[in-house]
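Below: the structure, in structure tokens.
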Amino acid sequence: MAEISLYRPFPAEEVPGWNFETDVAVIGFGAAGACAAIEAADADARVMLFERNSGSGGASGLSGGEIYVGGGGGTDAQRAAGFDDSTKDFTAYLKAAGGPCADEAKCEVYGREALSHYAWLKAQGVPYRGNYLPGKHIEPTDDSTLIWSGSEAAAPFCDIAKPAPRGHVIQHMGWGGGRPLVDILEAAARARGVEVVTDARAVALVQDGTRIVGVVVRIDNANRFVRAAHGVVLATGGFVFNEAMRRKYCPDTFKLNDPIGDKDDGAGIELGVGAGGDAIHMEQFFTTCPWTMPESHAYGVFVNIQGQRFINEDCYHGRVSRCAVDQPGGKVYLLLDNAHFVQPMDFARMSIAGTGETWDEVESELGMPAGTLSATMAVYNEHARDGRDPLFGKRSPILTPLDQGPFVALELDFQASYFSFFTLGGLRTSAKGEVLDRAGMAIPGLFAAGRCTSGLPAWGHGYSSGLSLADCTFFGRYAGRSAAAPGGN
Ligand SMILES: Cc1cc2nc3c(=O)[nH]c(=O)nc-3n(C[C@H](O)[C@H](O)[C@H](O)COP(=O)(O)OP(=O)(O)OC[C@H]3O[C@@H](n4cnc5c(N)ncnc54)[C@H](O)[C@@H]3O)c2cc1C
């Protein structure tokens, strides 16, 4: 008998007998899997959903539940707050956020359909209060809907697309809206008759000729064979907790110590690659250190160990953090003056590395050569007083002189400070959710969505909050619909 393996599909002719028969088998019950299951059921397919945990959730259930939406003139929340967000600007931003890794087709289709996707989420029962919360927030601390969640208002993005806030958060008090979001999607899936099997871990795909026709799941220490007449949808999340995969594909993450997610062992990516799928942008990851909390710290200036700035700090906290991790020496400094310094949040694990009555004194306490950090701050302050940042294009109101002593340098050490991170690379899929091989051809019967694919959040340096769940929920729906089509693809 052939081996049951993540890395090679099991031959259909050797299946001893089918334990389950369905049209569509969805693997993984996070946001992507739930949305795939809902759409496949709406397309009249019989749907079974297999989840290795004892219930739904995954990283989606741990998340903030924030979804990146815009275009089409704006959502109700955007319009009520005075933002008329055109599809052209929204799509242009999506592409800029994807940088060199952007999937143009996915940006185009989501750019066109995000507004109707938002309506779909509401139709599933996802509540939105509909109001706008100005300022810099990682997630709302109340139940507000709309926040700035990316680098829209910062250079170079603001020159590429007219800025608008686009982070839409489920109505939920405080952080952690992902759990109620998944609960609502789970209820919608179950109401459609999706059969959920928990404690069932996919360990192999089943292949008949070139076609994927099923999956092997491990239940109660036994291999169970699932026949999926139309298709299998992989929705198993990323690989941030798989050290071997990270070492192979994403070694820069070893600079950091705080992976976030729920097991994320890359199994779906391995299954897809084993079936001939291509895995792309595997080196990309999101990271952030919560340096904009308290909010006054958003007005700070970052320098590397050479005392040099490296980014316009008015960008999204994750973009700044990701660029920070590219800097030499394993740490960067956040510089603040007395007008902006507040004791940092304990959980950020940032320490005070230097203080002084002048920036020269801070420079000396940090052990930097004279005329490095102090010159950086002299140039910065001189131009900030004129409302300009000729080096990086930082804009007011975040652009403000830091000239009220005493001064402080907070250290963000990549190993010691809280730099949370998760992976962005994964299977290459079409905008319809088909898993593509290296020639760009769809693998018959195999679909995927969410963080086991590379999608809208393709580039760590351009990540904006809400892009991952936008990608999971929207392209999860596409994958489910494609898999449900008679004969799949
Ligand atoms: C704390 C935190 C906050 C975040 N906040 C946001 C946010 O507000 N907005 C945003 O866009 N993104 C956010 N993210 C990122 C986002 O939550 C994830 O990228 C996204 O939820 C991934 O969804 P998914 O459906 O692809 O995977 P998951 O939600 O992880 O679901 C995958 C599921 O597949 C199951 N599974 C895995 N392997 C197998 C197998 N072999 N067999 C059976 N089942 C399997 C897992 O158990 C899991 O339940 C956040 C992440 C974290 C950790």
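Select, from T358, T292, the only residue that is of a type in the set (S, T, N, Q) and buried (at least 21 other Cβ atoms within 10 Å of the Cβ).
T292 is the lone residue from the list that is of a type in the set (S, T, N, Q) and buried (at least 21 other Cβ atoms within 10 Å of the Cβ).
Which of the residues belonging to region 430-465 are assigned to a strand (DSSP E or B), touching a Lys or Arg at 6+ places or on another chain (Cβ under 9 Å) and more than 12 Å from the ligand (Cβ to nearest atom)?
Hits for region 430-465 are V435, L436, D437, A442, I443, P444, G445, L446, F447.
Is it true that some residue in region 257-271 is among the polar types (S, T, N, Q), within 14 Å of the ligand (Cβ to nearest atom) and not assigned by TED's automatic domain parsing to the domain that holds G367?
Among the residues of region 257-271, not one is among the polar types (S, T, N, Q), within 14 Å of the ligand (Cβ to nearest atom) and not assigned by TED's automatic domain parsing to the domain that holds G367, which makes the answer no.
Looking at (1) surrounded by fewer than 24 Cβ atoms within 10 Å (Cβ to Cβ); (2) more than 6 Å from the ligand (Cβ to nearest atom); (3) assigned to a loop (DSSP other than H, G, I, E, B), which is the one condition that is false for G71?
For G71, the exception is condition (1).
If you check A409, A353, A378, which single one turns out to be among the small types (G, A, S), crowded, with 19+ Cβ neighbours inside 10 Å and in the same structural domain as H297 (by TED's automatic domain parsing)?
A409 is the lone residue from the list that is among the small types (G, A, S), crowded, with 19+ Cβ neighbours inside 10 Å and in the same structural domain as H297 (by TED's automatic domain parsing).
I'd like to check something: does region 182-205 contain any residue that is within 15 Å of the ligand (Cβ to nearest atom) and without any contact (Cβ under 8 Å) to a residue 60 or more places away in the chain?
Looking through region 182-205, none of the residues is within 15 Å of the ligand (Cβ to nearest atom) and without any contact (Cβ under 8 Å) to a residue 60 or more places away in the chain.
Only one of these is over 30 Å from S5 (Cα atoms), aliphatic (A, V, I, L, M) and in contact with a Cys (Cβ under 7 Å, 6 or more places away or on another chain): L133, L146, L185, L181. Name it.
Sole residue among the options that is over 30 Å from S5 (Cα atoms), aliphatic (A, V, I, L, M) and in contact with a Cys (Cβ under 7 Å, 6 or more places away or on another chain): L185.
Scanning for something in contact with a Pro (Cβ under 8 Å, 6 or more places away or on another chain) and hydroxyl-bearing (S, T, Y), does region 138-155 turn up at least one residue?
Yes: one or more hits.
Every residue, every condition in (1) modelled with pLDDT of 95 or more; (2) under 21 Å from the mean Cα position of the chain (by Cα), yes or no:
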residue	(1), (2)
D103	yes, yes
L133	yes, no
H137	no, yes
G178	yes, yes
A187	yes, no
V206	yes, no
R218	yes, no
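Just name the residue that is nearest to R192 (Cα to Cα) out of those in region 48-65 that are in a loop (DSSP other than H, G, I, E, B) and more than 6 Å from the ligand (Cβ to nearest atom).
Ranking the candidates gives S56 first.
Please go through region 314-335 and pick out each residue that is outside any helix (DSSP H, G or I) and in contact with a Lys or Arg (Cβ under 7 Å, 6 or more places away or on another chain).
Scanning region 314-335 gives a single hit, D314.
Name the residue, out of R218, R246, R224, that is of a type in the set (K, R) and either in a loop (DSSP other than H, G, I, E, B) or away from the ligand (no atom under 14 Å from the Cβ) (or both).
It is R246.
For a quick check of your reading of the model, give me the residue pairs whose first member lies in region 264-293 and is farther than 26 Å from G462 by Cα, whose second is in a loop (DSSP other than H, G, I, E, B) and basic (K, R), with beta-carbon atoms closer than 7 Å and at least 6 apart or on different chains.
Close Cβ pairs satisfying both conditions: G274/R8.
Kindly list the number of the only condition in (1) over 26 Å from S321 (Cα atoms); (2) within 16 Å of the ligand (Cβ to nearest atom); (3) not in a strand (DSSP E or B) that fails for A470.
Looking at each condition in turn, A470 falls short on (1).
L427 versus (1) more than 30 Å from A348 (Cβ to Cβ); (2) touching a Cys at 6+ places or on another chain (Cβ under 9 Å); (3) among the hydrophobic types (A, V, I, L, M, F, W, C); (4) more than 12 Å from the ligand (Cβ to nearest atom): which is the lone unmet condition?
With (1) more than 30 Å from A348 (Cβ to Cβ); (2) touching a Cys at 6+ places or on another chain (Cβ under 9 Å); (3) among the hydrophobic types (A, V, I, L, M, F, W, C); (4) more than 12 Å from the ligand (Cβ to nearest atom) applied to L427, the lone miss is (4).
The values are calculated or read from the model by the stated rules, or taken from the named source; none is laboratory data. Not measured: the values here are computed from a predicted model. When we count neighbours, we look across all protein chains shown, and the Cβ atoms used for this are built from the backbone with ideal geometry, even at glycine.
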